[in-house]
1. What is the extension gain from Val248 to Ile187, computed as 0.36 nm multiplied by their sequence separation minus the C-alpha to C-alpha distance, in nm to one decimal?
2. Take the Cα of Leu241, step 7 Å along the line toward its Cβ, and report every residue of segment 137-169 whose backbone nitrogen sits under 19 Å from that point.
3. So what does log10 I(q)/I(0) come out to for the chain at q = 0.07, 0.08, 0.09 Å⁻¹, using the Debye formula with one equal point on every Cα and no solvent?
4. Work out the count of Lys pairs in the chain where the Cα-Cα distance is under 23 Å, with the pair 8 or more places apart or on different chains.
5. For the chain, what are the DSSP H helices with axial Cα length of 27 Å or more and mean Kyte-Doolittle hydropathy of at least 1.6?
6. Report the calculated FRET efficiency for Leu83 and Leu63 (r = Cβ-Cβ distance, R0 = 35 Å), to the nearest 0.05.
7. Give me the accessible area per residue for the chain, probe 1.4 Å, as a whole number in Å².
8. Working out 0.36 nm times the residue gap between Glu224 and Lys103, then minus their Cα-Cα distance, what length gain in nm do you get to one decimal?
Amino acid sequence: MMIFWGLMIPFIGTALGAGCVLFVKKELNPGLQKALLGFAAGVMVAASVWSLLIPAMDMSERLGKWAFAPAAIGFMIGILFLLFLDHIIPHLHIGSDKSEGPKTSLGKSAMLVLAVTIHNIPEGISSGAVFAGILMGNAEVTMMGAFALSIGIAIQNFPEGFIVSLPIKNEGGSRKKAFYYGAMSGIVEPIAGGITVLLASYVTPALPYLLAFAAGAMIYVVVEELVPESAEGEHSNIGTLGFAAGFVLMMILDVALG
């Protein structure tokens, strides 16, 4: 049951963020949106380093000087995997009117949700991989550390759910529809995490690679989407401050709880 709730926490964060659209009447202030995007980026970078890459290298200590290899290989595969998804799945980034990926007849709302869903997959895998390590008795992973990662992802998912839902409402969709779309963009996380946990006995030997894979995929999202969007236009320093706040918060969570 602990693992179930650990996997559900990131989705709950997305749903709570999407729920804000039921109460907010106006568009999100551009400065606040920059701060939230920067915050999400900071959380993801800190989680990638402290919760994923460092444990991946610690698990590979037996390789001596080559302890970095599984982390480096997994990281690059994660980058390439997200690059591949970017090319085969039609999607639309927040604040953009130009779709990416193959041509499609999907509406703007659906493509916006797909964009968020793409990078929620590695977040779900990362949570699932950590809990899989606990199930298999890996000494480098603790239950508190796993929950720190889930809470960190949920914190960055909160503004993400809101930022996804608001444009759907502003385009004429009902508040309930906007909430539904925003919340469902995060449902892939417990699904991906649950599949990873169910495959725990097969995943464990490759756990360092899998953790680094999730880190690479998350960093891809940060560099490709979150940082450019938070730095766009005037007052880009707001996004930078948001990034710093998110990074420090996730670092504190991981060290204090891990």
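1. 19.3 nm
2. 159
3. -0.22, -0.29, -0.37
4. Qualifying lysine pairs in the chain: 20.
5. Span-like helices, by this rule, are 68-88, 236-257.
6. 0.80
7. 46
8. Extra length available between Glu224 and Lys103 comes to 41.5 nm.
The values are calculated or read from the model by the stated rules, or taken from the named source; none is laboratory data. These numbers come from a predicted model, not from an experiment. Cβ coordinates were reconstructed from backbone atoms using ideal geometry, including for glycine residues, and neighbour counts include every protein chain displayed. SASA here: full protein model, heavy atoms, side chains in, ligands and nucleic acids out. Shrake-Rupley method; radii C 1.70, N 1.55, O 1.52, S 1.80 Å.
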